[in-house]
Each structure stands twice: as structure tokens, then as C-alpha cells.
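> Here you go, one structure.
The values are calculated or read from the model by the stated rules, or taken from the named source; none is laboratory data. All values derive from a computational prediction rather than experimental measurement. Here the Cβ positions follow ideal geometry from the backbone for every residue, glycine too, while neighbour counts run over all protein chains shown.
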Amino acid sequence: MNLKIATWNINSVRLRINLVEKLLKEEKPDVLCLQEIKCVNDAFPMKDIKKAGYEHVAVHGQKGYHGVATLSKIPFKKIESRDFCEKGDCRHIATDLDLPGGLRIHNFYVPAGGDEPDPEINVKFAHKLDFIREMTSIFGKHRTKSKNRMVLVGDLNIAPLEHDVWSHKQLLKVVSHTPVEVDLMNELYASHDWVDVMRRFVPETEKLYSWWSYRAKDWEAADRGRRLDHIWVTPALSEAPVAMKVRKDARGWERASDHAPVIATLRL
């Protein structure tokens, strides 16, 4: 079977529920993972999502900030969430899909990290680094389990490669592309020998973005993007990816999120 998974930092699901519905109608993913939903669980637009054909919804939200949700056409066997760094933030949810052989999807919203890339003076940046370290520790413990079928998706708020940003040299001291963040992401990447699905389809020598700042007067003309959103799979699924795309056009929709949806198809 083919499994189509989408990930999207929606930047307020209630404000942009019409855009979520539009994406679901056009792409018909089996699973959509949302980040930065910015609402408590009870305020999540459940009726709209179920009306769109997604009966299985896992939500881990909080008022006004953060929050993640996973919408699925496939039933869940298990839902879990972890409080990373014991901050009380809702930044992670894991769902086990009811599929032959099993499949766990980790949906993450990693802290952005503020503006100053110095953990000594910026607690937000320190939090981000600690968050990535904790992720690395957790997934490293499962590394010996070679049959683990896991997908990690979300807004990881790091653009690790030279061509994941519009200017490698100019962004080396900008949060999201600093050497310390890139090094930590590489450690996370190695913790379970993750496969970078997006770069399976777009060579590392080519520019690849999923985020364009609201600050640009004409974001499309400037095209000063960064690849902050990711889809990874474990080695057990290394041969599964058969397609990937970034819906860049969604960044131009009316009242759009500053992130574009990223969509991957896995052949299980």
C-alpha cells in the first residue's frame, strides 16, 4: 500500500482551518501532521476535520502557543506525548497507525530559539539546544531496534544543509542555521540512522525551502527561504519513500502560514 503523509506548521489551526480543508481536499493525504495549532484540545476544530474525512485525530495543544495535532484516515492503536525539557509545552505527539507491521509517526514542533544564538544570554536558544539533545537521547536508545518502523515529521526549526537556506554565509550566525544547531541536528540524525526523505528526491546541491518570512514584501520574488520542515524515516523504511513535494503555492494562499506543507508518499 501507499501511505501519503503531510506535515505543515499551520500557525493557528482555527485561523486557517479553511486552508487545512483546502489542502486535505486537494492532496488527500492519509495523515496530516500539524504544528503550532495555538489552541487547547477542546477548541480544536474537530467537526471540520471529521467532515473532511479524517475520523482519527490526536491533539496535544495549549492556549495561544505551540501545539501539535495528527489527523488520520487510518485508526490509531496508541497515542502518546512527551513533555520535552519539562517545560509544559505541547510540542510532541506520537501515534501508532493500525497497519500490518505497525508504524509510529512522531510529530514535532521544535522551539524556534529566539534571535540571539547564544545559550548563555538567550534562554530560548538554550531551550532549543536542550530539546534537540533530549530527542537525540531518546531515539538513540532505540537504535539497536533495526525493525522499528518510524516516521519523524514536523517543524524542526533547523535548516542543516548549505542549500537549505538562501545564503549559507549570511545565515551562519542566524538562529536556525548556526553551526551548533547543525551539529546537534546531525547528532539527532545519526541517533537512529534516520533517512532524510526530502533530500532523497532533491539533491543536496539544489536549493530546497519550506519556509519564507512574513517580513519580505514579496516573499516569492525574494525567495529567501529556509528548509525548517522535515520528514525522516528509520532504516526499516529506507526504501519506502516513492514521492515527495513541497506545496510552495500554499505559501501564497490568502492569509497563509509562513510555512508550506511538505508531503511524502511511502510504499509499505
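> Would you check which residues across segment 1-60 are closer than 23 Å to Val233 by Cβ and polar (S, T, N, Q) and list them?
Asn2, Thr7, Asn9, Gln35, listed by residue number.
> Output the number of the condition that Thr178 fails; it satisfies all remaining conditions of (1) touching a Leu at 6+ places or on another chain (Cβ under 8 Å); (2) within 24 Å of Ile10 (Cα to Cα).
(2) is the only condition that Thr178 fails.
> So in segment 137-148, with the set limited to residues that are modelled with pLDDT of 80 or more and surrounded by fewer than 19 Cβ atoms within 10 Å (Cβ to Cβ), which one is farthest from Pro100 (Cα to Cα)? Can you show your working first?
Looking only at segment 137-148, we keep the residues that are modelled with pLDDT of 80 or more, and these are 137-141, 147-148.
Filter once more, keeping what is surrounded by fewer than 19 Cβ atoms within 10 Å (Cβ to Cβ): 137-138, 140-141, 147-148.
Numbers: Ser137: 28, Ile138: 25, Gly140: 25, Lys141: 24, Lys147: 13, Asn148: 13 Å.
Ranking the qualifying residues of segment 137-148, first place goes to Ser137.
> For the subset of segment 188-209 comprising residues that are touching a Pro at 6+ places or on another chain (Cβ under 6 Å) and within 16 Å of His163 (Cα to Cα), which member is surrounded by the fewest Cβ atoms within 10 Å (Cβ to Cβ)? If you could, list the steps in order and put the result at the bottom.
Restricting attention to segment 188-209, the residues satisfying the condition of being touching a Pro at 6+ places or on another chain (Cβ under 6 Å) are 193, 197, 200.
When the remaining residues are screened for being within 16 Å of His163 (Cα to Cα), the result is 197, 200.
Details: Val197: 25, Arg200: 16.
Checking each candidate, the answer is Arg200.
> May I ask you to list pairs of residues, at least six apart or on different chains, whose Cβ atoms are under 8 Å apart, with the first in segment 122-136 being within 17 Å of Ala159 (Cα to Cα) and the second being of a type in the set (Asp, Glu) and not in a helix (DSSP H, G or I)?
Listed pairs, sorted by first residue: Phe125/Glu116; Phe125/Asp118.
> Let me ask something additional. Among residues belonging to segment 47-98 that are more than 21 Å from the chain's Cα centre (by Cα) and not in a loop (DSSP other than H, G, I, E, B), point out the one that is nearest to Arg149 (Cα to Cα).
Lys77
> Enumerate the pairs (first residue in segment 38-65 and touching a residue at least 24 places away in the same chain (Cβ under 8 Å); second residue anywhere and assigned to a helix (DSSP H, G or I)) with beta-carbon separation below 6 Å, excluding pairs fewer than 6 apart on the same chain, so at least 6 apart or on different chains.
Correct list of pairs: Pro45/Ile17; Asp48/Ile17; Ala52/Glu21; Ala52/Leu24; Val59/Asn41; Gly61/Asn41.
> Take Ser137 and tell me if it is touching a Phe, Trp or Tyr at 6+ places or on another chain (Cβ under 6 Å) and not charged (D, E, K, R).
Considered against the rule, which asks whether it is touching a Phe, Trp or Tyr at 6+ places or on another chain (Cβ under 6 Å) and not charged (D, E, K, R), Ser137 comes out as no.
> Now for a separate question. Ala159 - would you say it is more than 21 Å from Val242 (Cα to Cα) and free of Cβ contacts under 8 Å to residues at least 12 places away in the same chain?
Working: more than 21 Å from Val242 (Cα to Cα): yes; free of Cβ contacts under 8 Å to residues at least 12 places away in the same chain: no.
Answer is no for this residue.
> Tell me which of these Gly101 doesn't satisfy, since it passes every other one: (1) in a strand (DSSP E or B); (2) small (Gly, Ala, Ser); (3) closer than 22 Å to Arg149 by Cα; (4) in contact (Cβ under 8 Å) with a residue 40 or more places away in the chain.
Status for Gly101: all satisfied but (1).
> If you don't mind, another one. Based on this model, can you work out whether Pro111 counts as in contact with a helix residue (DSSP H, G or I) (Cβ under 7 Å, 6 or more places away or on another chain), farther than 21 Å from Gly67 by Cβ, of a type outside the set (Gly, Ala, Ser) and surrounded by 15 or more Cβ atoms within 10 Å (Cβ to Cβ)?
Values: in contact with a helix residue (DSSP H, G or I) (Cβ under 7 Å, 6 or more places away or on another chain): yes; farther than 21 Å from Gly67 by Cβ: no; of a type outside the set (Gly, Ala, Ser): yes; surrounded by 15 or more Cβ atoms within 10 Å (Cβ to Cβ): yes.
Judged against the criteria, Pro111 is not a match.
> Exactly one of (1) surrounded by fewer than 17 Cβ atoms within 10 Å (Cβ to Cβ); (2) under 21 Å from Asn148 (Cβ atoms); (3) not hydrophobic (A, V, I, L, M, F, W, C) is unmet by Pro241. Its number?
It fails just one condition, (1).
> So which of Ser81, Ser12 is closer than 26 Å to Lys245 by Cβ and of a type in the set (Ser, Thr, Tyr)?
Ser12
> Only one residue in Pro203, Pro241 is of a type outside the set (D, E, K, R), under 17 Å from Leu152 (Cβ atoms) and at pLDDT 95 or above, so which one is that?
Every option except Pro241 fails the conditions.
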